[in-house]
Every structure is written in structure tokens, then in C-alpha cells.
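Novice: The structure that follows is given in the form of C-alpha cells.
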Amino acid sequence: MSTLIDCGADCAKFQKSELEYKFNKKALERPYTSEHSWGKTYGEHKRHLEFSHDQYRDLKKYAEEIGIFFTASGMDEMAVEFLHELDVPFFKVGSGDTNNFPYLEKTAKKGRPMVISSGMQSMNTMHKVYQIVKPINPNFCFLQCTSAYPLQPEDVNLRVISAYQSAFPDIPIGYSGHETGIAISVAAVAMGAKVVERHVTLDKTWKGSDHQASLEPNELAELVKAIRTVEKAMGSPVKQLLPCEMACNEKLGKSVVAKVTIPEGAVLTLDMLTVKVGEPKGFPPEAIFDLVGQKVKKNIEEDETITEQAVENHVKNVKC
């Protein structure tokens, strides 16, 4: 977890299962001959990998000591009970339980914030999830997620983030990614994702199917840095000339210039005017049509900037 802090992550999230509540007996007894197996049956495999309650308590204590949030996906109702006892800051609902409505109700009633992934689900199901959770516990968010490891770009469907933002405008929307690399997760943030979840490993070549879909520490650090940059770059929706643009505007911003010699008293027509980088500054290019029909009160030489002082009865537009 100290590595996560070094990389700039906000929270370390594990997965907690009470195996006899997550799987039935036949699922646990199923032969498991995968290259990733840690036992002859799936139950043996999962028991080998599962941390005990005491180990979780040690992990939580260590997280507090080093200053990072610690939580886990509760993979069944009894796991949620344990995590509630552990006093985690929020519950993560894995995609496999998102359509488990009794689980959602019981978890929501605990009163802790919920982060709900949406892998393997439909929009119709997500509407039902919203309708179940919202009246009980308004502090939750949805994560766009595709449950494939590793995830191919064509299956990511980042546009679902926008669909969720439209369908559920009163809750945060985030992204849980299992792709390789960081580009897609950065793009999710640019689309407005408020939470980003990624798997992390110390070595992608380790035994286990998740490692290939995980980030190594250097990638995680790069991702966090990129996300912070994108957050700054999102900025304001107000489009205006910014102070940082003033130097460029002074140097290269164009003005309305006399295309021909214009005598005092002449009424300006469009064929008298052109646009160039001028010295001194004069009317900006967008004012050229407003100048047509205006009378000039002094001679203006060819290629000379049209200034306010040269135009009769000119009233300067004030931008609010």
C-alpha cells in the first residue's frame, strides 16, 4: 500500500469473500486445472488466495498508519457484514453483485457510501439498481465497466459514461477499467469520470489472470499524474480571452486596416477595408461589418490601422 501512496492513489481496495456464502458447494468442488490455479478445485484455489479476517484487520491498521483509505469489494452479504464491522469508508459493489437486489438493499441500509460497478449489466438493470439504492442511501455512484481481463479497446464503450450522466444526473459517474495501459482511463476522466478504479500488480507476469489486466507501479504513477493534469485542463466552460493569451494577442492579434487611402468624411464600405496584424492595434476583425456605413473624421492612409479616433461617433462595445 505504501507503493500506492508513492504513486498518488487515494485508496487501496481489495476483494473480500466469505467463500461458502459466495459459492455453492458444487462450485467450490469444481475441478480447476487452469494455469492460474492454486489448487485442484476452485475452492482450494480461492482458499489459498483469500485473506483472513485478522489479515484484513492488519491491512486496515497499516493503511491508517501510512495515510491511505482502505476498503474492499464485499463479494457476498457476509463479506459486507465483516467490512461494515471493519469500518471501511465506503463499500465497493463488484459487477457480479450489481443485479443482486437483496444484497444491494442490505448493503445500502448500512449507510456507507457505495461505489457500484456495472460490468455484465444492461441499462435497464442499472435503472433498477438506482431505484433500489437511491431511496435507501443517496450516497452512491456508478462505474462504467466491462468485465473482461484484459479488456480490448473496442469493448470499453466509454460513451456509456455519457449515457449514465444523462440518465442519472444526480449521482457521480466513474470508470472501472481492465484494459492495458492508461490512455483509456485518462479519456474516461476527460469525459467526466469522477472515480477511477484500476487493478494494480507488482509484476504482470505473475501467476493469475488479473495480473495482465493490471497496472504496474510506474504505470499507476503515470496514470495518476495524467489524471491530475486532465482535471486541471477541464477548466471552465466559459469561453473568453484569457490573461495567458494576452501576449499572443498583442503580438499576432489582427486589426481592421485600410485597404486603400480613405479621405476625411468618407463613408466606409467593405471594399475599403481588410484585416492584418496591425501596429498600433485598432478595431478587431469581428468589428469589420459594424464599421461599414460609418463616417471617418480624418484621412486614413492605405495600410493604416483603423482606430476608434478615426471613426465619427464611435461608441465602443463593452463586453460583459
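Novice: How much of the calculated P(r) for the stretch 1-84 lies past 17 Å, in percent of all Cα pairs? Spell out each step's value before the answer.
Specialist: Values: 1924 of 3486 pairs.
Result for the distance tail: 55 percent.
Novice: Considering only protein heavy atoms and a probe of 1.4 Å, how much of the accessible area of the chain is carbon and sulfur, as a whole percent? Intermediate results must be reported in sequence, preceding the final value.
Specialist: Numbers: 9690 of 18240 Å².
C and S fraction of accessible area: 53 percent.
Novice: Suppose every K and R has +1 on its Cβ and every D and E has -1 on its Cβ; what is the size of the dipole of the chain about the Cα centre, in Debye to the nearest 20? Don't skip to the answer; put the middle values down first.
Specialist: Working: 38 positive and 43 negative charges, 150 e Å.
Using only the charged Cβ atoms, the result is roughly 720 debye.
Novice: Return one quarter of the surface area of the convex hull spanned by the alpha-carbon atoms of the chain, equal to its mean projected area, in nm². Numbers along the way, then the final one.
Specialist: Working: hull surface 94.3 nm².
Average of the hull's projected areas for the chain equals 23.6 nm².
Novice: Using DSSP to call loops (not H, G, I, E or B), can you name the trypsin sites (Lys or Arg not before Pro) in the stretch 1-62 whose Cβ has at most 12 other Cβ atoms within 10 angstrom? It would help to have the intermediate numbers written out before the result.
Specialist: Details: sites: Lys13, Lys16, Lys22, Lys25, Lys26, Lys40, Lys46, Arg47, Arg57, Lys60, Lys61; in loops: Lys40.
Passing sites in the stretch 1-62 are Lys40.
Novice: What accessible area, in Å² to the nearest ten, does a 1.4 Å probe give for Trp38?
Specialist: 110 Å²
Novice: What does the charge count near Phe14 come to, summing +1 for each Lys or Arg and -1 for each Asp or Glu among other residues with Cβ under 11 Å from its Cβ? Present the calculation step by step, with values, prior to reporting the outcome.
Specialist: Numbers: positive: Lys13, Lys16, Lys60, Lys92; negative: Glu50.
Net charge in that neighbourhood comes out at +3.
Novice: Please compute the Cα-Cα pair-distance distribution of the stretch 2-142 with 10 Å bins starting at 0, giving whole percents from short to long.
Specialist: Values per bin, smallest distances first: 11, 36, 34, 18, 1.
Novice: Show which aspartates and glutamates lie in cross-link reach of Lys232 when reach means a straight Cα distance below 18 angstrom and same-chain residues fewer than eight apart are skipped.
Specialist: Asp10, Glu222, Glu245
Novice: Only Lys, Arg, Asp and Glu count, each charged at its Cβ (+1, +1, -1, -1), so figure out the dipole size of the stretch 1-140 about its Cα centre, rounded to 20 debye. Don't skip to the answer; put the middle values down first.
Specialist: Details: 19 positive and 19 negative charges, 103 e Å.
Approximately 500 debye in magnitude.
Novice: Another question about this same structure. With a cap of 10 neighbouring Cβ atoms within 10 Å, and only residues DSSP puts in a loop, list the GluC sites (Glu not before Pro) found in the stretch 1-79.
Specialist: Values: sites: Glu18, Glu20, Glu29, Glu35, Glu44, Glu50, Glu64, Glu65, Glu77; in loops: Glu18, Glu35, Glu50.
Of the GluC sites (Glu not before Pro), the ones in loops of the stretch 1-79 whose Cβ has at most 10 other Cβ atoms within 10 Å are Glu35.
Novice: What do you get for the angle between helix 217-234 and the principal long axis of the chain? Use alpha-carbon atoms, 0 to 90 degrees, nearest ten.
Specialist: Computed tilt is about 40 degrees.
Novice: What is the ratio of the Cα radius of gyration of the stretch 129-245 to 2.2 N^0.38 Å, with N the residue count, to two decimals?
Specialist: Working: Rg = 16.4 Å, N = 117, 2.2 N^0.38 = 13.4 Å.
Output field value: 1.22.
Novice: Report the semi-axes of the equivalent ellipsoid for the stretch 180-320 in whole Å, largest first, where each axis is √(5λ) for an eigenvalue λ of the Cα gyration tensor. Intermediate values should be presented prior to the final figure.
Specialist: Details: eigenvalues 690, 38, 25 Å².
Working from the Cα gyration tensor, I get semi-axes of 59, 14, 11 Å.
Novice: Which value, in Å to one decimal place, does the Kirkwood hydrodynamic radius take for the stretch 156-210 when every pair of different Cα atoms is included?
Specialist: Values: mean 1/r = 0.0807 Å⁻¹.
Evaluated over the stretch 156-210, this radius sits at 12.4 Å.
Novice: Quick check for you: with a 1.4 Å probe and neighbouring chains kept, what is the accessible area per residue of the chain, in Å²? Could the numbers behind the result be given before it?
Specialist: Values: 18240 Å² over 320 residues.
I get 57 Å² per residue for the chain.
Novice: Still on this model: Normalised by the residues of the stretch 235-320, what does the relative contact order come to in percent, with Cα pairs under 8 Å and at least six apart? Don't skip to the answer; put the middle values down first.
Specialist: On the way: 137 pairs, mean separation 27.2, N = 86.
RCO, the stretch 235-320: 32 percent.
Novice: I'd like to know which of Cys248, Ala12, Ala108 lies farthest towards the positive end of the charge dipole of the chain, counting +1 on Cβ of Lys and Arg and -1 on Cβ of Asp and Glu.
Specialist: The one lying farthest along the dipole's positive direction is Ala108.
Novice: Pop out the Kirkwood hydrodynamic radius of the stretch 110-156 from its pairwise C-alpha distances, inverse of mean 1/r, in Å to one decimal. Write out the running numbers ahead of the final one.
Specialist: On the way: mean 1/r = 0.0843 Å⁻¹.
For the stretch 110-156, the Kirkwood estimate is 11.9 Å.
Novice: Next up: About the Cα centre of the stretch 84-209, what is the dipole size in debye to 20, counting +1 per Lys and Arg Cβ and -1 per Asp and Glu Cβ, all else neutral?
Specialist: Values: 12 positive and 10 negative charges, 46 e Å.
My answer is approximately 220 debye.
The values are calculated or read from the model by the stated rules, or taken from the named source; none is laboratory data. For clarity, every value in this text was computed on a predicted model and none was experimentally measured. Cβ sites come from the backbone with ideal geometry, for glycine too, and all protein chains shown count toward neighbours. The accessibility values were calculated without ligands, DNA or RNA, using every heavy atom of the protein model including side chains. Shrake-Rupley method; radii C 1.70, N 1.55, O 1.52, S 1.80 Å.
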